[in-house]
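One structure is given below, encoded as structure tokens.
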Protein chains: 2
Amino acid sequence: MTSTLGFAILAVLARGERTGYDLAAAMRTPVGYFWTAGHSQIHAELQKLRADGLVGFEAEHGPGPQGKKVYHLTADGLAALRAWVTEPPRARPERDELVLKTYASWLAEPGLLRRLFADQLAMHEERLAGYEREEAAFGGPPPPGDPRFGNYATLWCGLGYERHRVEWCRWMLERLSSAGA
Amino acid sequence: MTSTLGFAILAVLARGERTGYDLAAAMRTPVGYFWTAGHSQIHAELQKLRADGLVGFEAEHGPGPQGKKVYHLTADGLAALRAWVTEPPRARPERDELVLKTYASWLAEPGLLRRLFADQLAMHEERLAGYEREEAAFGGPPPPGDPRFGNYATLWCGLGYERHRVEWCRWMLERLSSAGA
DNA sequence: TCGCGCATGTAAACAGTTACATGATTAC
DNA sequence: GTAATCATGTAACTGTTTACATGCGCGA
């Protein structure tokens, strides 16, 4: 009954051992561009994963009242992760606040609405530019089987997503200006 | 302190009065393609909205032990909705289980992975075809200010999203087959 | 009269965010 | 010495899902 968060942790641990702190740092900015978690969530989940035997840790002397715990995948953890990867994702409901606002946008002042979409456009253009720089840093896609394939494939997804978002914001701005006022 | 769910309800109510049941039916399949809610959530939220004076209702005789309540926006509710529409959305963390799986896909059996993406591709192609039919049923975009503009603009977002998703799945399948079984 | 759709609600469980709480190590 | 970073954890709250609970109205 491991949660998706649990598998997110296993997925990071599959690339090398980490402390809870390292995991939290890795997941503050999205892992694979599309998953985040806070440190309090991670420490609690690590305890569950350990109870299920999917991870283990070496206690080390280190900072803080509890010292330092370096977590690693167990054989069971790796097997569970492998099995999970190819299972169909359970469809989560889509929820997007900007699109919901758009649904109600016929009520809004056009000027404020243009401002909203101009800001969103700028944000997505910036993210896109960042992703494009990252893409350039890879020299083409690594082969599947290479851990870096995971990074590249999720980056490609992020690129496509940001492009779609940029196009949509531009289309909205066109609609909103062509209709005057 | 109205939640996004609250505004989702107000956004639907802005198009006409509804019972809680109607709202739940409307939100089972995503409103504006990107928001869903269950009926238990909706009834609870309606009580809060009512306490805040953003909605009112007429009790009617009808089925069930409690009869039937037809909800409508109040003037305060409409004003709150109008103000909310153009405020910047608070950035929710991206979470996408399929992309997370992709991040860990270097561990997977290539055959099972191809199957996963083939299934996802089929699903997104089907959704895309449905959206394209809906788009054709509109004869071009309604003007902003028309409630149907909200429907059309969110549909356009859905179309772009599904196209991006289809492209990404196809790209993944190419990568996975070119690298041999 | 039997079953489905309409219609309302509560309760418990799970997921995620934010705030609280502690304290060692390291670099300036 | 003092501040930032490393490091762990708990508690309270909010949001979402799933299960429980009731019962009228209508059509076959």
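The values are calculated or read from the model by the stated rules, or taken from the named source; none is laboratory data. Since the structure is predicted, the reported quantities are computational estimates derived from the model, not experimental observations. Using ideal geometry, Cβ is built from the backbone for each residue, glycine included, and neighbour counts are taken over all protein chains shown.
Answer yes if at least one residue in region B:42-50 is more than 26 Å from residue B:156 (Cα to Cα) and more than 14 Å from DNA strand D (Cβ to nearest atom), and no otherwise. For region B:42-50, residues more than 26 Å from residue B:156 (Cα to Cα) and more than 14 Å from DNA strand D (Cβ to nearest atom): present.
Looking at this structure, is residue A:111 farther than 27 Å from residue B:147 by Cα and either within 14 Å of chain B (Cβ to nearest Cβ) or surrounded by 13 or more Cβ atoms within 10 Å (Cβ to Cβ) (or both)? Write out each step before concluding.
Working: farther than 27 Å from residue B:147 by Cα: no; either within 14 Å of chain B (Cβ to nearest Cβ) or surrounded by 13 or more Cβ atoms within 10 Å (Cβ to Cβ) (or both): yes.
Criteria not met by residue A:111.
A Cβ distance below 9 Å, combined with a sequence gap of six or more or placement on separate chains, defines the contacts here; from region A:16-45, residues that are within 20 Å of residue A:78 (Cβ to Cβ) and away from chain B (no Cβ under 11 Å) reach residues that are part of a loop (DSSP other than H, G, I, E, B) and more than 10 Å from DNA strand D (Cβ to nearest atom) in the pairs A:23/A:37; A:45/A:2; A:45/A:3; A:45/A:37. Under the condition of being loosely packed, with under 11 Cβ neighbours inside 10 Å and within 16 Å of DNA strand C (Cβ to nearest atom), the residues counted in region B:51-75 number 10.
Quick one: how many residues across region A:1-13 are at the interface with chain B (Cβ under 9 Å from one of its Cβ atoms) and buried (at least 21 other Cβ atoms within 10 Å of the Cβ)?
Going through region A:1-13, the residues at the interface with chain B (Cβ under 9 Å from one of its Cβ atoms) turn out to be A:4, A:7-8, A:10-12.
Pick out the ones that are also buried (at least 21 other Cβ atoms within 10 Å of the Cβ) and you get A:7-8, A:10-12.
Of the residues in that region, 5 qualify.
Considering every residue within region A:145-162, establish whether at least one is closer than 30 Å to residue B:112 by Cβ and in a loop (DSSP other than H, G, I, E, B). The answer is yes, given that some residue of region A:145-162 is closer than 30 Å to residue B:112 by Cβ and in a loop (DSSP other than H, G, I, E, B). Exactly one residue out of B:98, B:81 is more than 18 Å from residue A:81 (Cβ to Cβ), more than 15 Å from DNA strand D (Cβ to nearest atom) and touching a residue at least 12 places away in the same chain (Cβ under 8 Å): that is B:81. The set of residues from region B:163-181 being within 7 Å of chain A (Cβ to nearest Cβ) and assigned to a loop (DSSP other than H, G, I, E, B) comprises just one member, B:179. Of all residues in region A:106-126, those that are acidic (Asp, Glu) have Cβ atoms under 6 Å from Cβ atoms of residues that are buried (at least 16 other Cβ atoms within 10 Å of the Cβ), 6 or more apart or on another chain, in A:125/A:166. Taking region B:76-97 as the search range and keeping residues that are surrounded by 15 or more Cβ atoms within 10 Å (Cβ to Cβ) and more than 7 Å from chain A (Cβ to nearest Cβ), which one is nearest to residue A:153 (Cα to Cα)? In this case the residue turns out to be B:84.
Out of B:68, B:101, I need the residue that is basic (Lys, Arg), in contact with an Asp or Glu (Cβ under 7 Å, 6 or more places away or on another chain) and at pLDDT 95 or above. Which one? First the steps, then the outcome.
Working: B:101 fails: in contact with an Asp or Glu (Cβ under 7 Å, 6 or more places away or on another chain).
The conditions single out B:68.
For region B:121-129, the count of residues that are closer than 20 Å to residue A:92 by Cα, out of contact with any Asp or Glu (no Cβ under 9 Å at 6 or more places or on another chain), more than 10 Å from every other protein chain (Cβ to nearest Cβ) and buried (at least 17 other Cβ atoms within 10 Å of the Cβ) is nonzero.
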